[in-house]
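Take a look at the structure set out below.
The values are calculated or read from the model by the stated rules, or taken from the named source; none is laboratory data. Since the structure is predicted, the reported quantities are computational estimates derived from the model, not experimental observations. Note that each Cβ is placed from the backbone with ideal geometry, even for glycine, and that neighbours are counted across all protein chains shown. Each accessible area value is taken on the protein alone, full model and side chains, heavy atoms only, with ligands, DNA and RNA left out. Shrake-Rupley method; radii C 1.70, N 1.55, O 1.52, S 1.80 Å.
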Amino acid sequence: MSGDNLLDVALVRLDDAARHLQIDPDVLEKLKYPRETTKVRLMIRMDDGSRKSFLAWRCRYDDTRGPTKGGIRFHPESDADEVETLAFWMTFKCAVMNLPYGGGKGAVRIDPRQLSKTELERLSRAYMQAFARIIGPDRDIPAPDVYTNSMIMGWMADEYGQIVGENSPAVITGKPIALGGSLGRDDATARGGYYLVRDLAQDLGLGLQMRVVVQGFGNAGQFIAKLLAADGHKIIAVSDSSGAVQSPAGLDVARLIAAKAEGKSVTSLIGGDVSALDPDALIGVDCDLLVPAALENMIHEKNAEQVKAKAVLELANGPVTPEGDAILAKKNIVVLPDILANAGGVTVSYFEWVQNRQGYYWPLEDVHRRLHEIMVREGRAIWQIAQEKKVSCRTAAYIHALGRRASAIESHGTQTFFNS
Ligand code: NAD
């Protein structure tokens with residue numbers, strides 16, 4: 001599989017699921033290609049007066065079930081293939097959760113850590129200026145992703161409002177609360193995964209005191225560590241892009257989070273009970289639950305054999321390759337797949353969009369209750385498909401989503417779809 005692009009690898013999952021359903025081949029053909037991907041070059045003024053340009057993309061993969069929905073990533077290695085693949089995953093994730101959305105994604109090829117705050121704001125506004133014609137509350141709704149956050153979403157929402165001449169908070173989710181963000185959006189991705197693990201713990205053979213390893217200690221990684229630690233589980237190893245640390249007795253999650261808030265790496269805690277760990281050895285640490293929460297393709301044919309966890313909770317998008325999946329399946333390690341496990345983020349983004357359109361804001365308990373209800377309902381449905389059809393949870397999740405997507409395509413009328 002190496003050498004293939006990321007989207008081709010992702011499409012393997014679609015083919016796996018299609019074998020279990022009677023799907024019109026035209027419908028499958030439609031799902032193999034993004035509807036539109038726009039590439040632009042953003043030119044911004046730097047603080048020293050010079051001008052610099054950065055490549056940027058927005059992909060609207062499929063809007064059969066509603067406006068396209070998906071985050072914007074700022075990363076030095078982003079490219080069109082990555083953006084289209086992430087948009088493909090969003091298409092399926094929204095269908096898994098039965099949200100009235102299609103899938104989209106965006107990116108800027110940049111290391112945002114090298115920009116000042118004012119440069120970052122100019123870049124974020126330039127992104128919205130470039131894509132405002134395809135973005136909109138009923139067309140395409142961005143959100144945060146890797147190295148973007150609520151502050152950036154706020155700048156983008158403000159820029160969009162200026163372009164269209166009216167306040168339009170539903171154009172983007174993950175905004176600051178002051179600009180119409182939803183309570184509970186900050187930890188929604190991790191919380192969704194946490195509800196899922198809690199509900200399926202017995203079926204997965206997970207005990208009351210799990211040993212947990214978290215790869216990637218950003219938004220998703222920090223919140224899952226915090227939620228699980230609060231329930232008495234032990235976080236025994238974590239990593240970020242600078243290194244990894246471990247403590248068999250359990251790491252102090254509050255101190256790790258405080259270090260990250262000060263801009264330091266998790267490795268700044270090394271000393272006493274906390275020892276350095278080779279980041280490549282992290283996934284091989286003996287534990288009950290392994291949580292990849294960094295980037296794609298981290299568990300693959302060359303390292304999956306090392307995994308000793310009972311279950312893997314994919315908070316990152318695409319952290320396990322198809323070859324990695326096959327090895328984990330042979331070892332009887334259950335993978336709770338990204339399109340279900342990290343779908344809490346887009347679900348609360350959906351809640352934010354609903355609240356913006358209603359102009360009526362929900363208390364935190366309502367957000368948590370509704371998220372819990374959806375995660376458990378869809379998680380259970382997928383678990384049941386996996387048991388009945390004797391397939392992995394990933395294939396079951398794709399079967400679940402593909403059935404919903406296919407019926408939406410057919411309901412639109414195939415002649416319009418395939419002639420246009
Ligand atoms: P983030 O930018 O907040 O954090 C990413 C973390 O990964 C950082 O701590 C970074 O240091 C670390 N990292 C980067 N490269 C690494 C490496 N090679 N090894 C170990 N750690 C590494 O991003 P996030 O929002 O937490 O997103 C993480 C993953 O979760 C991504 O795959 C993203 O697409 C996915 N996701 C996020 C959300 C969300 O709402 N934030 C929703 C769905 C999916």
Note the full-extension length gain between Arg380 and Thr118 as 0.36 nm times their separation in residues minus their Cα-Cα distance, in nm to one decimal.
-> 89.8 nm
In deg cm²/dmol, rounded to 500, what helix-only [θ] at 222 nm does the chain give when every DSSP H run of at least 4 residues adds -39500 (n - 2.57) and the total is split over its residues?
-> -14000 deg cm²/dmol
Average projected area of the Cα convex hull of region 69-130, in nm²?
-> 4.7 nm²
Reported to two decimal places, what Rg/Rh ratio describes region 190-337 when computed on Cα atoms with Rh from the Kirkwood expression?
-> 0.93
With the 1.4 Å probe rolled over protein heavy atoms, the chain has an accessible area per residue in Å² of 41 Å²
How do Met97, Met43 rank by accessible surface area computed with a 1.4 Å probe, from largest to smallest?
-> Met43, Met97
In a Gaussian network model over the chain where Cα atoms closer than 10 Å are linked, find which of Asp231, Asp111, Asp203 has the largest mean-square fluctuation.
-> Asp203
Can you give me the three principal axis dimensions of region 292-401 from its C-alpha atoms, in Å, biggest first?
-> 50, 31, 20
In whole percent, what relative contact order does the chain give with Cα contacts below 8 Å and a gap of six or more residues?
-> 16 percent
Mind checking the full-extension length gain between Ala132 and Asp203? Use 0.36 nm per residue of separation minus the Cα-Cα distance, one decimal, nm.
-> 21.0 nm
Within a Gaussian network of the chain (alpha carbon springs, distance under 10 Å), most fluctuating of Asp145, Asp252, Asp26 = Asp26
For region 1-65, take the alpha-carbon Rg, divide it by the Kirkwood Rh, and send me Rg/Rh.
-> 1.22
Please state, to two decimals, what the Cα-based radius of gyration of region 150-257 comes to when divided by 2.2 N^0.38 Å (N = residues).
-> 1.37
Region 263-324 and region 368-417 have their Cα centres apart by a whole-number Å value of 28 Å
Segments 335-341, 348-354 sorted - mean Cβ within 10 Å per residue, highest first = 335-341, 348-354
Quick one: order Tyr160, Tyr33 from most to least accessible surface, probe 1.4 Å.
-> Tyr33, Tyr160
Have a look at the DSSP beta bridges in region 204-343 and tell me what percent are antiparallel, nearest 5.
-> 35 percent
Using a 1.4 angstrom probe on heavy atoms only, work out the carbon and sulfur share of the accessible area of the chain in %.
-> 48 percent
Order these peptides, 375-381, 397-403, by their mean beta-carbon neighbour count within 10 angstrom, highest first.
-> 397-403, 375-381
Diagonalise the Cα gyration tensor of region 204-269 and give the resulting equivalent ellipsoid semi-axes, square root of 5 times each eigenvalue, largest first, whole Å.
-> 20, 11, 10
Quick one, can you get me the convex hull of the C-alpha atoms of region 86-172 expressed as volume per residue in Å³?
-> 96 Å³
Which value, to two decimals, describes the C-alpha radius of gyration of the chain once divided by 2.2 N^0.38 Å?
-> 0.95
Rank Ala311, Ala386, Ala190 by mean-square fluctuation in a GNM of the chain with C-alpha springs under 10 angstrom and give only the top-ranked residue.
-> Ala386
Return the whole-Å distance between the Cα centroid of region 171-191 and the Cα centroid of region 136-153.
-> 10 Å
With Rh as the Kirkwood radius over Cα pairs, region 34-179 has Rg/Rh of 0.96
